[in-house]
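Some notes on the structure that comes next.
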Amino acid sequence: MAKQDGLAERVRAGERRALGRAITLIESTKPADREAAEALLQELLPATGGAYRIGITGAPGAGKSTFIEAFGLYLIAQGHRVAVLAIDPSSAKSGGSILGDKTRMERLAREEASFIRPSPTRGALGGVARRTREAMLACEAAGFDVVIVETVGVGQSEVMVAEMVDCFVLLIQPGGGDELQGMKRGIIELADLILVNKADGELKPAAERTAAEYRAALHLFPKKPGDWTVRVEPCSALKDEGIDAAWGLIERHRRRLEESGALAAKRDAQARAWMWHELRESLMAEFTDDPEAGAMIGALEARVGAGELSPGAAARRLLAAFLEKDGG
Ligand code: GDP
């Protein structure tokens, strides 16, 4: 693709169509687009860093889209501009999307101060999360001061999302202790704030019980950067209750991070870690695109599978074939 004339300025001026185009460019897998995307990001970089970066995860049905809509509308009413990037791990088996094809967050989508963008992953989760971080930066440059990255709590994308946000929110539904046991401990460990949604009507007592159980369990977890203790609160996205309190806690978490210097340290560490992600992913892409190494992969895999060759030896042969071609 040709140089993106004026695109950076238009993104920085807050033009939504330009932002949409920028993200399409960022998500493109064509090598020429990648170059243009990197040039664009370089131009946008000075205008980034000012937003609240919030990750929201939860199992399908926990109420993420209902919550994000209520939360987004609340923030817009407070004068914020809200971008939502949703990572949708379309099922590799069915090809169907987990987030659903139904139009989500219709009311929020109609707001002038909102920008909603789903990212279908087409199986390559790591790749999409990588691009999501860049899309997040583009949203910041476009003046969105709250950027929400939504992910389905199925355990793969959460770590990557936690590594790109300031505050990671876990949304759960009321349930017995099984819920706590069934939830992957790793995901709970990532959370800065846990919201027990659907605390309304008949579910209200159960939501409060669930919150108490989580609070008790969290005593065993170490404190977070900035000496932050993870908070667990009930809320109702449907009835618009506890939404303001949730934002209050996110703001308090943010202040704690800022005042202790932990925010700068966290973002610094995240950017560094991201460089290594990029390097690993780029190396793997170069490798799998390499015809000579590529030609050997099938046969070596078969021999490893049959127990004729150790995985380590096979990996070294592939690497040698790849490096030889490149070096010579
Ligand atoms: P997602 O899959 O996590 O995005 O969940 P949805 O937002 O689509 O919500 C799943 C279901 O839970 C829908 O039927 C919602 O109406 C319902 N739901 C969401 N939030 C609440 C809530 O606060 N209270 C109640 N009672 N139901 C809710």
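The values are calculated or read from the model by the stated rules, or taken from the named source; none is laboratory data. Small disclaimer: the values here were computed from a predicted structure and weren't measured. In this analysis, Cβ positions are derived from the backbone assuming ideal geometry, glycine residues included, and neighbour counts consider all displayed protein chains. These area figures cover heavy atoms from the full protein model, side chains too; ligands, DNA and RNA do not enter into them. Shrake-Rupley method; radii C 1.70, N 1.55, O 1.52, S 1.80 Å.
I'm trying to understand the selection: among the residues of segment 209-219, which are loosely packed, with under 14 Cβ neighbours inside 10 Å and part of a helix (DSSP H, G or I)?
Within segment 209-219, the first condition is being loosely packed, with under 14 Cβ neighbours inside 10 Å, and the residues that meet it are 212, 216, 219.
If the condition is that a residue be loosely packed, with under 14 Cβ neighbours inside 10 Å and part of a helix (DSSP H, G or I), then ALA212, ALA216 are the ones that fit.
Among the residues of segment 57-80, are any modelled with pLDDT of 90 or more, more than 12 Å from the ligand (Cβ to nearest atom) and within 18 Å of the chain's Cα centre (by Cα)?
Looking for residues that are modelled with pLDDT of 90 or more, more than 12 Å from the ligand (Cβ to nearest atom) and within 18 Å of the chain's Cα centre (by Cα), one finds at least one in segment 57-80, hence yes.
Answer with yes or no whether GLY294 is surrounded by fewer than 11 Cβ atoms within 10 Å (Cβ to Cβ) and farther than 30 Å from VAL161 by Cβ. It would help to see each step written out before you state the result.
Values: surrounded by fewer than 11 Cβ atoms within 10 Å (Cβ to Cβ): no; farther than 30 Å from VAL161 by Cβ: yes.
No, not satisfied.
Quick check on ARG10: is it touching a helix residue (DSSP H, G or I) at 6+ places or on another chain (Cβ under 6 Å), within 30 Å of ALA285 (Cβ to Cβ) and of a type in the set (Lys, Arg)? Give the derivation first.
Details: touching a helix residue (DSSP H, G or I) at 6+ places or on another chain (Cβ under 6 Å): yes; within 30 Å of ALA285 (Cβ to Cβ): yes; of a type in the set (Lys, Arg): yes.
Judged against the criteria, ARG10 is a match.
If I ask for residues that are touching a Phe, Trp or Tyr at 6+ places or on another chain (Cβ under 9 Å) and not hydrophobic (A, V, I, L, M, F, W, C), which ones from segment 280-328 would you list?
GLU286, ASP290, GLU292, GLY294, listed by residue number.
Given (1) modelled with pLDDT under 95; (2) open to solvent by less than 40 Å² (accessible area, probe 1.4 Å), identify the lone condition not met by PHE115.
Exception for PHE115: condition (1).
For residues that are in a helix (DSSP H, G or I) and within 10 Å of the ligand (Cβ to nearest atom), scanning just segment 185-207, find the one that is surrounded by the most Cβ atoms within 10 Å (Cβ to Cβ). First the steps, then the outcome.
Taking segment 185-207 as the starting set, the residues that turn out to be in a helix (DSSP H, G or I) are 185-190, 201-207.
So of that shortlist, the ones also within 10 Å of the ligand (Cβ to nearest atom) come out as 201-204, 207.
Numbers: GLY201: 9, GLU202: 8, LEU203: 19, LYS204: 16, ALA207: 24.
Across segment 185-207, the extreme among qualifying residues is ALA207.
Quick test of your reading of the structure: SER310 fulfils all but one of (1) modelled with pLDDT of 95 or more; (2) under 34 Å from the mean Cα position of the chain (by Cα). Name the failing condition by number.
The single condition SER310 does not satisfy is (2).
Could you tell me which residue of segment 237-281 is most open to solvent (accessible area, probe 1.4 Å), considering only residues that are touching a helix residue (DSSP H, G or I) at 6+ places or on another chain (Cβ under 8 Å) and within 30 Å of GLU202 (Cβ to Cβ)?
Per the criteria, the residue is LEU238.
THR229 - would you say it is surrounded by fewer than 20 Cβ atoms within 10 Å (Cβ to Cβ), of a type in the set (Val, Ile, Thr) and without any contact (Cβ under 8 Å) to a residue 60 or more places away in the chain? Give the derivation first.
On the way: surrounded by fewer than 20 Cβ atoms within 10 Å (Cβ to Cβ): yes; of a type in the set (Val, Ile, Thr): yes; without any contact (Cβ under 8 Å) to a residue 60 or more places away in the chain: yes.
The answer is yes for THR229.
Tell me yes or no: at least one residue of segment 30-48 is open to solvent by less than 10 Å² (accessible area, probe 1.4 Å), touching a strand residue (DSSP E or B) at 6+ places or on another chain (Cβ under 6 Å) and either modelled with pLDDT under 95 or away from the ligand (no atom under 16 Å from the Cβ) (or both).
no
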